[in-house]
Amino acid sequence: MKKNFDTTSLIGMLLMGGILVWIIYFNKPTEEELEAQEKAKAEQLQQEKAAAESQVNTTTLEEQALPASDSLRTIALQNKLGSFAYSGSLPSAKDGATTTVSNDLMDITVSNKGGYITEIKLLQHLTYDSIPVYLIKDGNSVFNMSFSTTDNRNLNTKDLYFEPTVTNNGDNKVLSMKLKVSGNEYLEYRYELKKGDYMLDFGLRSQGLSNTFNSSNPMRLQWDFKGMRHARSMSYENRYTRLTYEYEGNKTDKLSPAGDDDEIEKDLSWMNYRQHFFSSMLLSDTPFKEAKLFSRDLLKEADDRDEKTIYTKEYKADLLLETKNGELDYAMNMYYGPTDYKIFKTYDRNLDEAMPLGWGIFGFLNKYLVIPFFGFLSGFLPAGIAIIVMTIVIKLFLSPVQYKQYTSQAKMKILKPEIAEIAAKYKDNAMKKQQETMALYSKAGASPAAGCLPALLQIPVFYALFTFFPSAFDLRGESFLWANDLSSYDQIAKLPFEIPFYGDHVSLFPILAAVTIFFSMRLTTGNQQMQAPTQEGMPDMSKMMKYMMYFSPLLMLVFFNKYASGLSLYYFISNLLTIGIILVIKKFIIDEEKIRAKIETKKAQPKKKGRFAKKMQEMMEQAEKQQKARGK
């Protein structure tokens, strides 16, 4: 197909091109405008460049700021702590950070700062006001090791941060607290908590610190502790709150329970911050070469009535540590739990000496007779019934002694008229009167001392039980009749005022014990008043016994008002049984006519004098002759 040229289209295209050229030409910027545009562009490029440089500089400064801050902190820690600055840079170096480990008996909380125990909560025991027993809480215990370093710094672990690690050793929980110098150089406190045990394994050891410790300066372990209140009567609890310890092998001793006391001992193997029914102990397989011990009584008389009062005693111990090849390595134990004889005996470490069970024969009776027997009874009987049954058994066991005592009193009663005749006959000759009286005793087979000896034999049992009941952990929290707790007083009335020595309450068991001791003493004193008249130069025992008959119940009433109700219950039952035994012996067993007949029979029999009796008679006759000679 042949194409035709379109003249109209060509003219239109030329016209449009001309218009476009004209627009471009007439809208072209002037030289001034071109210069301004170039200047603006240059300024924009300069601003963008400056902004970019500023961003780069800011990033660089921020990146450098953190290392500079850490560096300054590290320098500050190094200036202060030297090699131990590493411990302060770890994530565990936080105030208030703690770790808690537990078994079925207690919860133990350990602080990162200081690495020591800051809380001990016993899970199976309550205080008098029914809250859990805490042995350590609210800063009442501070455990610290003070030492010097080779770069001439004196440091205390209580101010430094430990790194905690919790692991398991079989069924045991292990908490390792490490005060680090580097990743593998450290001082370690190692706590191992065993199931069903109040005793912790505690290790204090160092690794890689032989060049850090300055062993030429003494390193010391310090434990400051305040005993916390757990009982209703603080004064009674405080009486049995005491620092006890073992040293130089198996020697044991105690600081005074009243006032302030201190002691310096050698080779200390354990110490007990006893809080009556609960103990906080530190034991070491390697005895501490030197131990400085201190105790201070915090309780004032008014504090006993103030329920806000928390602490009873303050204890301090300062123990010398020794290094081996520049390192520390101590295998120790910590005990936090009941002051219970049965528990202490399981450890076979002489810990029963930490209990106030009496000395000598009294402690022997408690350890090997009273405690096992009461433990047997309380295993299947309520505590109150167990006390009554034990009292009955003890009184029956001592009844032959009481029978002997009463028989002797009956003999003296029968001989009283004859002794009175001798006294009247030889009233002007004391020596002769004494000779004839002794001769009558010898013929009749009687003696004033025979009535005293059985009474003396009962004293060890009496005192052993007096020390047993206040320390019997099995009584704690056990109720009987109106007594809510046999280890505390049995309050039946609260007084609106304080009576000196007596208190601000009324306990019933001491009242019952006081009434029964009055009647039991009246029965025995009545017999003694019918015995021989008072010898010349000798005190009037009948008057003394009469005074005691009124004074003893008064003492029982006043001083036992704050004592353990279990002890007052024992005395009440014991006195009741004494009254019953005396009445039975008097009415059904002893026949005074038969005793009189036996005396007459003995008097009729020739009495063969022993060598001692002959010697005594010769001495008395010689003294009589000398007296007569002086009379001339």
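The values are calculated or read from the model by the stated rules, or taken from the named source; none is laboratory data. Given the structure is predicted, the values throughout are model-derived calculations rather than measurements. Neighbour counts run over all protein chains shown; Cβ positions are idealised from the backbone, glycine included. Just so you know, the surface numbers come from the protein's heavy atoms only, side chains and all, with ligands and any DNA or RNA stripped out. Shrake-Rupley method; radii C 1.70, N 1.55, O 1.52, S 1.80 Å.
A few points about this structure:
- Sequence-distant residues sharing a close amide H with Glu163 (under 5 Å, placed H): Lys178, Leu179, Lys180
- Counting only protein chain heavy atoms and rolling a 1.4 Å probe, the accessible areas of Leu200, Leu555, Leu508 rank, largest first, as Leu555, Leu508, Leu200.
- Measuring r between the beta carbons of Asp253 and Leu320 and using R0 = 25 Å, the FRET efficiency lands at 0.85.
- Cβ-derived FRET efficiency at R0 25 Å, Thr109 paired with Leu298, nearest 0.05: 0.55
- Available extension along the chain between Lys427 and Gln124 is 101.8 nm, counting 0.36 nm per residue and deducting the alpha carbon span.
- Under Karplus coefficients 6.51, -1.76 and 1.60, residue-wise ³J(HN,Hα) of segment 200-212 in Hz, glycine/proline x: 9, 7, 10, x, 10, 8, 10, 9, x, 10, 4, 8, 9
- Pairs from the list Lys158/Lys226; Lys137/Lys195; Lys80/Lys316; Lys226/Lys345; Lys292/Lys342 with a Cα-Cα gap above 19 Å: Lys137/Lys195; Lys80/Lys316; Lys226/Lys345; Lys292/Lys342.
- Shape category assigned to segment 188-306 from the gyration tensor of Cα positions, a/c cut at 1.5: prolate
- Site pair Lys137 and Glu498 shows an inter-label distance of 2.5 nm when each label is modelled 7 Å from Cα along Cα→Cβ.
- Accessible area in the full protein assembly, largest first, 1.4 Å probe, for Leu365, Leu328: Leu365, Leu328
- Among the trypsin sites (Lys or Arg not before Pro) in segment 183-236, those placed in a DSSP loop whose Cβ has at most 11 other Cβ atoms within 10 Å are Lys195.
- Model label points for Tyr463 and Ile264, set 7 angstrom from Cα along the Cα-to-Cβ axis, are 3.4 nm apart.
- Listed pairs Lys113/Lys180; Lys266/Lys367; Lys494/Lys562; Lys121/Lys194 exceeding 18 Å between Cα atoms: Lys266/Lys367
- Filtered trypsin sites (Lys or Arg not before Pro), segment 294-384: DSSP coil and at most 15 other beta carbons within 10 Å: Lys300, Lys308
- Euclidean distance between Cα centres, segment 155-198 to segment 125-151, Å: 16 Å
- Label zone at Ala97 (point 7 Å along Cα-to-Cβ), backbone N below 13 Å, segment 172-207: 177-180
- Within segment 298-390, the GluC sites (Glu not before Pro) that combine a DSSP coil assignment with at most 12 other C-beta atoms in a 10 angstrom radius are Glu307.
- His276 accessible area, 1.4 Å probe, all protein chains in place, Å² to nearest 10: 10 Å²
- Length-normalised contact order of segment 174-330 in % [C-alpha pairs under 8 Å, at least 6 apart]: 25 percent
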